[in-house]
Amino acid sequence: MSNTEFPDDELRHEQEFIDGLYARVDVLRGDTEAAVSDALAQGDKPMQARLERDILVAERSGLLAALNSVDGSLCFGRIDLASGQSHHIGRIGLRADDPERTPVLIDWRADVARPFYLATGHTPLGLRRRRHISTDGRRVMSLHDEILDLSDRERTGHEDPSGDAVLLAALDSARTGRMSDIVQTIQADQDRIIRAPHRGVLVVEGGPGTGKTAVALHRAAYLLYEHRELLARRAVLIVGPNPAFLGYIGEVLPSLGETGVLLATVGELFPGVRATATDTPEAAAVKGRAEMADVLARVVRDRQALPDPVIAIQHDRDVLLLDDGLVNVARERTRAAELPHNMAREHFEGHILNTLTDMVAERIGTDPYDGSNLLDASDITQIRDELAENPEVWSAIDQLWPRLTPQRLVADFLADPEGYVSDEDAAAIRRPVTRTWTTADVPLLDEAAELLGEDDRVARARAEREREAQVSYAQGVLDVSYASRTYEFEDKEDSDPEASEVLSAHDIIDAERFAERQEEEDHRSAAERAAADRTWAFGHIIVDEAQELSPMAWRLLMRRSPTRSMTLVGDPAQTAEAAGVGSWSEILAPYVEDRWEHTRLGVNYRTPSEIMDLAAAVLRAGNPDFEPPSSVRSTGVRPWVRRVDDDLPGAVEKAVSELTPSEGRLAVIAPRELHRGLAARLEGVTAGAEPDLTRTVVLLDPRQAKGLEFDSVLVVEPGRYGTSDLYVALTRATQRLGVLHTGELPRALAP
């Protein structure tokens, strides 16, 4: 009988295939768990260490992450080729146990899988059918077949006439507070961006709901697959606008089996510093200007001081005077080396010691009769060594060319910025010396670190002492081993002449190599090492909401990408930060001139047309030529706008009960100054903390809502927002939108 009469045969076939895949995964996972157990049970410590290291490498390579991520839809599609072959497509690749290692499941990133995303009836790319497999855990729930070869008369009963059923189901599904991957529904324009070449700068521009963030994350997964060796070693950095956003996207890459990625905000990119304070918009704008690099350079040069008027140094019952002329010579010679401040200090020390040595030599070594110098080279060296042991000499050097840390330099500058910036700017950024930092401070700290460098002489000396101690300890172990061997065999040599030929550890390894073998290995992943190393060069950097970053923040990021391998994602129409650049050419011209690619996503998958029309009117009020992305769907539910005459918190409470979906999430987006009063009326909602996006109702301000999406959104007091902030707030909903106001409405929202 035909499949048309018994369509459940298709479901049964796919279910059996899925069961077979999970059986393979369970075996692989079980083998790995057994290896872990064996490692822990080993009595042999070196063997245990090696096994644990191998397991750790497997975890970090993404293998275990991939196996542990497949409880979702392991297999989500099938392509039937005109040649008669079929390939199942999934999140990871799996092979059979036969000698040929035949592929059973094709990784979605493999070239073989690409027609699943690109084939159309007009351009079938060798396919006759594309099947979407919808699963709930390990159970197949439904099939959706697209016929690409219209001459093929075979039918399964699972044909999808529009070919959009799976996409629309995903768009209409309830939100969970965490972004999901889109491997099952990647569209052709998105696929081209995901698989774009690795090198160079790619700018992906797109309005709200176009999927640009999801595309960027899947691009990271694809690049890690395609350039595994390079990027596993150098890591991928993903920069997001705030911690809530990073939490929102944090599960996407692990669900795709990729863990070699560092997710961070700009405020987390200076090791040892975490930005927790908040700047005023005026202060953030001043700190973000490109001119701050020159300002900090002047601050550093001013710390390279001259005596006022002299510094007196007591030495051997004599007084040596360092005046500004002598010090200035030493300072200019040091600056001529063009080294960072702390690294140049060694040169300055040398010049000052030489100057003081010449003073002493002239005083004690000059013949009073003919003026000749009576000292030889060894005498000069002795004088210099004695000066180098004089604490007053080092006190003078510390005063004239102090060792500086980025934290101290920036804190001192912000406490007293007068003379470096205008009076207005100084008033905006001035603050007492504090241990708390803002996001806008971090690029300043990074710039200061570049200007200062690190005098690593102390660290190198400490490392050398530690190594000498390790070698000494290793030598002791070898000596004990040799003594034990001598004692053991000295009585056997008479009866067994060959006993003396037995090799000991002494014979095959020396103390230095033995010490090297005992050094602890660094088991951290590349991403973990990168997070602790300010000078790390990433293999690829992805920046979300890139239009919001300041010129100083771009200087920081470009230092971390010397190869300029970057994907920048954003929308200039949503620029809200006062320090944001907004223009791609302004951002990139100082670093790559015009050598960058630009692409645009123009289809809105998130926002229904009813809501998008309202949001677009906000931008058109100031820019009549503005063209929003085109929404792919309509819900038939129009957004509403209501005026509140009194008791705004009560009206919000009532509207929340009206808008809260039976499943999914609701966001109340309101000015920050209203949060405390609103939170008091909303059950389970807190103000002043990073929002928990998995809760049914969350309270956000417009900046916190960037990049997020919710089933329903309530926008409160839109008249207090800037145009970009309002546009962002209005475009977060996938289903329903309400607006409450007490004051004047923006013209675009007025009835």
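The values are calculated or read from the model by the stated rules, or taken from the named source; none is laboratory data. Just so we're clear, the structure is a prediction, and the values are computed from it rather than from any experiment. As a convention, Cβ positions derive from the backbone with ideal geometry for all residues, glycine included, and neighbour counts pool all protein chains shown. Ligands, DNA and RNA are stripped out before the accessible areas are found, and what is left, the full protein with its side chains, is counted by its heavy atoms. Shrake-Rupley method; radii C 1.70, N 1.55, O 1.52, S 1.80 Å.
Taken together, Asp152, Asp191 contain a single residue that is more than 28 Å from Arg736 (Cβ to Cβ) and surrounded by fewer than 15 Cβ atoms within 10 Å (Cβ to Cβ), which is Asp152. Considered as a group, the residues in segment 397-407 that are under 18 Å from Asp294 (Cα atoms) and assigned to a helix (DSSP H, G or I) include one that is least open to solvent (accessible area, probe 1.4 Å), and that residue is Pro406. Against the numbered list (1) open to solvent by less than 10 Å² (accessible area, probe 1.4 Å); (2) touching a residue at least 40 places away in the same chain (Cβ under 8 Å); (3) of a type outside the set (A, V, I, L, M); (4) assigned to a helix (DSSP H, G or I), Trp554 comes up short only at (2).
Taking each residue of segment 166-188 that is more than 22 Å from Arg130 (Cα to Cα) and open to solvent by less than 40 Å² (accessible area, probe 1.4 Å) and looking for partners that are of a type in the set (Phe, Trp, Tyr) and not in a loop (DSSP other than H, G, I, E, B) with beta-carbon atoms closer than 7 Å, six or more apart or interchain, yields Arg175/Phe710; Met179/Tyr248.
Would you mind stating whether Val652 is open to solvent by less than 50 Å² (accessible area, probe 1.4 Å), of a type outside the set (Gly, Ala, Ser) and outside any strand (DSSP E or B)? Taking the combined requirement at face value, the residue satisfies it. Among residues of segment 606-625 being open to solvent by less than 30 Å² (accessible area, probe 1.4 Å) and part of a loop (DSSP other than H, G, I, E, B), the one that is farthest from Asp571 (Cα to Cα) is Pro608.
Does Arg301 fit the bill of being modelled with pLDDT of 95 or more and open to solvent by 40 Å² or more (accessible area, probe 1.4 Å)?
On the way: modelled with pLDDT of 95 or more: yes; open to solvent by 40 Å² or more (accessible area, probe 1.4 Å): yes.
Judged against the criteria, Arg301 is a match.
Which of the following residues is under 30 Å from Met552 (Cβ atoms) and assigned to a loop (DSSP other than H, G, I, E, B): Ala297, Ala275, Ala284?
Details: Ala297 fails: assigned to a loop (DSSP other than H, G, I, E, B); Ala284 fails: assigned to a loop (DSSP other than H, G, I, E, B).
One residue alone meets the criteria, Ala275.
Residues that are at pLDDT 85 or above and open to solvent by 40 Å² or more (accessible area, probe 1.4 Å) within segment 578-598 comprise Ser585, Glu586, Ala589, Pro590, Tyr591, Glu593, Asp594, Arg595, Trp596, Glu597, His598, listed in sequence order.
Across segment 173-191, a minimum of one residue is classified as within 20 Å of Val569 (Cβ to Cβ), of a type in the set (Asp, Glu) and in contact with a helix residue (DSSP H, G or I) (Cβ under 8 Å, 6 or more places away or on another chain). If the condition is being open to solvent by less than 40 Å² (accessible area, probe 1.4 Å) and farther than 18 Å from Val166 by Cα, then segment 90-103 contributes Ile92, Leu94, Ala96. Checked against the criterion of being open to solvent by less than 30 Å² (accessible area, probe 1.4 Å), within 30 Å of Thr278 (Cα to Cα) and modelled with pLDDT under 95, the candidates Leu659, Leu682, Leu666 yield just one match: Leu682. Screening segment 104-128 for residues that are surrounded by 19 or more Cβ atoms within 10 Å (Cβ to Cβ) and of a type in the set (Gly, Ala, Ser) and picking the one that is farthest from Tyr22 (Cα to Cα) gives Ala119. Comparison of Asp423, Asp416, Asp441 shows that the only residue that is open to solvent by less than 80 Å² (accessible area, probe 1.4 Å), at pLDDT 75 or above and under 21 Å from Ala283 (Cβ atoms) is Asp441. Being at pLDDT below 95 and assigned to a loop (DSSP other than H, G, I, E, B) is not true of Asp379.
Within the bounds of segment 251-259, is there any residue that is of a type in the set (Gly, Ala, Ser), open to solvent by less than 50 Å² (accessible area, probe 1.4 Å) and either touching a strand residue (DSSP E or B) at 6+ places or on another chain (Cβ under 7 Å) or modelled with pLDDT of 95 or more (or both)?
Of segment 251-259, the ones of a type in the set (Gly, Ala, Ser) are 255, 257.
Cutting the leftovers down to open to solvent by less than 50 Å² (accessible area, probe 1.4 Å) gives us 255, 257.
Still in the list and also either touching a strand residue (DSSP E or B) at 6+ places or on another chain (Cβ under 7 Å) or modelled with pLDDT of 95 or more (or both): none.
Within segment 251-259, none of the residues are of a type in the set (Gly, Ala, Ser), open to solvent by less than 50 Å² (accessible area, probe 1.4 Å) and either touching a strand residue (DSSP E or B) at 6+ places or on another chain (Cβ under 7 Å) or modelled with pLDDT of 95 or more (or both).
The single condition among (1) modelled with pLDDT under 95; (2) more than 30 Å from Arg331 (Cα to Cα) that Gly288 does not satisfy is (1).
Select from segment 264-296 the residues that are within 16 Å of the chain's Cα centre (by Cα) and closer than 23 Å to Gly688 by Cα and list them in ascending order.
Taking segment 264-296 as the starting set, the residues that turn out to be within 16 Å of the chain's Cα centre (by Cα) are 264-275.
Hits for segment 264-296 are Ala264, Thr265, Val266, Gly267, Glu268, Val273, Arg274, Ala275.
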